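Every read-out reported here was derived from the displayed coordinates using simple, explicitly stated rules and does not represent laboratory data. Being a predicted model, the structure only gives us computed values, none of them experimental. Here the Cβ positions follow ideal geometry from the backbone for every residue, glycine too, while neighbour counts run over all protein chains shown.
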Amino acid sequence: MDYLIKCCAMFAVLFLLVSVSVAQVAPAGQAPESPWAQELKKHPELLTEFGQLIDRLQKNLQFPPARAESGLLPLLPESLTIYAAFPNYGDVAKQTLTIFRQELQQSSVLRDWWQHGEVATTAPKVEDSLEKFSQLGQYLGEEIAVSATTEGQEPSLLIVAQARKPGLKEFLEQMISELTGKSKPGVRIFDPQELAVTKGRGSADELLILVRPDFVVAASDLAALRAFNTRLDRSSREFASTPFGQRAAQSYQGGATIVGAADLHQILKKVPPGSPESQMIFQRSGFADMKYLVWDHRNVAGKAVNEAELSFIAPRHGIASWLAKPAPLGSLDFVSPKAILAGAVVLISPAHIFDDVKELATASNPNAFAALTQFEQILKLSLKDDLLSCLAGEITLELDSITPSKPEWRAIFKVNDPGRLQQTLSTLLAAAHIEAEQRSDGGVTFYTFAIPSGQMKFEIGYAFVAGHLIIASGQEAVAEAVRLHSSGESLGKSKKLLASLPPGGSPEASASLYEDPIAMAALQLRQVAPEMAESLGQLRGGSGPEVIHVYGEPTAIRETSTSGALDLGAVLVVAAIAIPNLLRSRIAANEAAAVGAVRTVNTAQFTYAATYPKRGFAPNLAVLGTDPRAPTAYSEDHAGLLNESLANDSCTIDAWCMKSGFQFRVTSVCKQRLCQEYVVVATPVDTSTGGRSFCSTSDGIIRSKTGPPLTLSATASQCRAWPPL
C-alpha cells in the first residue's frame, strides 16, 4: 500500500513528539499542558513546515512497481493458512531520509526544532533507524512474504525474502547487537552449516533467522526453519497447486503491491468446538461457511485501490445473508456534501432480519423476547408488522458537525408504507409522553420534539419525503435534507463523491462509507486535546474523502475502497504527532492528579489526628470521607475531610478507591483503635493510565516508584524505601 508506506515514512521522519519529555507534574487539580501545545508555542511555524514536508513526500516519493506474480509464493509450505506479501520499501526509506534532510537544510525553523528542541536527543536515533532500514533493503529482493500455519498447537510463523547480495548475516548481527546492547537479543542467526549442527528446538521467545546465499528465512521455531530449508534445497512448489495457493496467486493478476490472504475454512477447523448450543448458533449465523478472506492493494487508473473478498463455500445464509445485493443508494440524495461521515447500507427485509434474530436468541433463551411481547401488548402494536415491515431495508446515517455539544446528524430510511409508519411513531411518542409539534411547508409535514438530557434538551425532527423517512438533529437539519434532495446538490449527486469511487466501480452498492478522515480525527481529538484538533484543521487543506463500497454476491462479500495519500497521510502524521503525546499528556495529567490526591490525603490525615487524638490517624479512606446516611454529620468514623470522589464507604482497608485513572488505598498501623502510622498509596489502573505509583506516610513526603501497577498496597517501611518525588 503505497500511501500507507508513505504515511509510515512520514511517521518515522516526524517522530517529533514521541520523544518529547513528559510534562512536569502540575499543581494539584490542574491538568498539564500537552507537549504538542508547548512545542507549538515555542515553534508556531512548525505546522507550516510540516505541511511543506508532507507535500514534498507526497509528490516525490517513488514506490516499488506492482508485481504481476510472486516468486516466493510457490516455495511456501502447502499447509499454511495465512499469507501476506509486501514489496521491499528500503529505497523508499532512503528517499524519505533524503527529502527530510533537504528540508532541514532549507528550513531554519524545522532545523532548529529538530536539532535543538526537546526532540533533539531522539532525532539521531530516528535518522539512524531510517538509515538502517534503507541499508537492510539493499540486501533483500523485491518482495517479502509472511506466512503462518496452524497445524500444531501454536501457529508457526515463516518470513521469506530473496537475498540480493552477500554480507547480510554480518549486517544483521551488527544491527541486532547495536539495538540490544547488553540485553538478550531474542534473535538467533544461522548460516546453513550452523543450522545443520544446531540441536534442540529453540526458545519460544526467539526469532530464528537463516541466511542462505539465495534466501533469508525467519521462523518462530527451529523445526519449521529446518523443514523450509529442506524445501528450498528440493525446490518444492506444492503450495502453488493448492486451492488456497491458487486463490492467493490470483490476487496478483493485473499487478498488486500488497497481498494478504487467510484460509478461514481451515482455520475454523482448528478452533476448539464450543458447546452444542454455540455450535448450532454459529452454523445458523452463516459464518461457519466462510472460505477465504483475501485483500490486495493496487493502483488502477492512477488511483490507489484496496480490494477485499470474503468468500463462502455455499450461498450466503443467516446473518451472513443480511447484506442485500447491490442497488442504487437513493438515500444519499438527502445527505449534505459537507458531511464528515456518511454510511449507507442495503439490507434484506428488516422483518426477515427480525425473524432471524428472534430465532437465534430464543435458541439459547426461550424467554429472550418475553419483555418485547409484553411491551407490544401494552402498546397494541407489533414491532415486526407495524415498524420493521414498513422499512425497505436501505438505511443511511450522516454526521456533519464535529462540535460535541451540538452534533449535527441525519438518519435516512427508505420506507414502504409511510402512513402506517407515522401511526407507529405517534404511538411510541405518546407512550413516552413526548408531544411532537407539527408544521407543513412546501407540501412536506415536519415533526419536531425535544429529548431531555441532563440539564439540556436536544431537538429531534423528522419528515417523510419521496418514500424516505428523514430523522435529524432538529427541524432545520430535516429541511436542509429536503432542499438538497430537490435541488440535486446532495452528496449522492456531488462530483466529489463520484470522483472518489473506485475506478470502474458502479454507484450501485450493498453498502457505502464516505469519510473525511481529517475531520473524523479532529472529532476524536477535540475531547482530549482541543489544541490538537485545531492543529489538525490547519493541516486539512484540500484533502479528499475516503470511499468504501461493499457488494453482496451469492457466495461472497466484496469490498473496494479508495484513499487519497494526503488524507491518510495527514491522519497518520497527526497520529505521529498526537497519539504519543496524548498518551503522555494523559498519563502526566493522571499522575499529577494522583500526586495531588496523595497530598490531599496527607492533609486530611494530619487534620484527623489533631481532631481525634485518641484515634490518631484514620485507618482507611472511608473514615476520612462523609457518612452517606448523614452527609453533614461529622464524627471519628466519618470525618468528612475528603469528598466522595476519593473516599466513600467502599474504600476500606481491603478495597481500592478509583479516581482519574488511579487506584488509592490507605492502610494504618493501629493498636486498640489508636493508629500511630499510616501509608497512602496511589497506583495506576493499568499501564495506559500511568507509569508510576506514589505513596506517602506520616512524614508527609511523597515518593514514587516506576513500574507496572501494584496489586498489593505498600507498607510504611516499603514506602519510605521509594525515592522521594
**Study point:** Rg/Rh (Cα only; Kirkwood hydrodynamic radius) as it applies to region 43-252
**Key:** 1.05
Review point. Of all the Cα-Cα pairs you can form in region 357-488, what percent are over 21 Å apart?
Key: 51
Revision key, fill the gap. Final fewest-first order of TRP409, TRP113, TRP722 on the 10 Å Cβ neighbour count is TRP409, TRP722, TRP113
**Study point:** Net charge over other residues, Cβ less than 13 angstrom from the Cβ of LEU469 (K, R count +1; D, E count -1)
**Key:** +1
Check your understanding: According to a simple spin-label model (label point 7 Å from Cα along Cα-to-Cβ), what is the distance in nm between GLN250 and MET280?
Key -> 3.5
Check your understanding: Which one of THR715, VAL598, ALA630 has its Cα pushed farthest toward the positive end of the charge dipole of region 587-721, where Lys and Arg give +1 and Asp and Glu give -1 at the Cβ?
Key -> THR715
**Study point:** Three-way shape call for region 612-725 based on the alpha-carbon gyration tensor, with the a/c threshold at 1.5
**Key:** oblate
Review point. Taking amide hydrogens as modeled 1.01 Å from N in the peptide plane, which residues meet the under 5 Å criterion relative to THR445, leaving out close sequence neighbours?
Key: PHE464
Review point. From the phi of every residue in region 372-388, what ³J(HN,Hα) in whole Hz does the Karplus formula 6.51 cos²θ - 1.76 cosθ + 1.60 yield, where θ is phi - 60° and glycine or proline is x?
Key: 5, 4, 5, 4, 5, 5, 5, 8, 6, 8, 10, 4, 6, 7, 9, 10, 5
Review point. Where does the charge balance sit around HIS265 when Lys and Arg score +1, Asp and Glu -1, over other residues with C-beta under 13 Å from its C-beta?
Key: +2
Study note, to complete from the structure: Quick shape check on region 272-563: root eigenvalues a ≥ b ≥ c of the Cα gyration tensor, a/c under 1.5 is rounded, otherwise prolate if a/b tops b/c, else oblate, and it reads oblate
Study note, to complete from the structure: FRET efficiency for ALA630 and THR607 from the Cβ-Cβ distance with R0 = 22 Å, rounded to 0.05, comes out at 0.65
Review point. Under a 5 Å amide H to amide H cut-off, with H placed in plane at 1.01 Å, what residues pair with GLU553 once short-range neighbours are removed?
Key: ARG558
Review point. Length gain on complete extension for the stretch MET175 to ASN643, per 0.36 nm per residue less the alpha carbon to alpha carbon distance?
Key: 163.0 nm
Point to revise | Environment charge at GLN106 (Cβ cut-off 11 Å; Lys +1, Arg +1, Asp -1, Glu -1) | key: +1
Check your understanding: Amide H neighbours of PHE458 under 5 Å, counting only residues 5+ apart in sequence or on other chains, H built in-plane at 1.01 Å?
Key -> ILE451, SER453
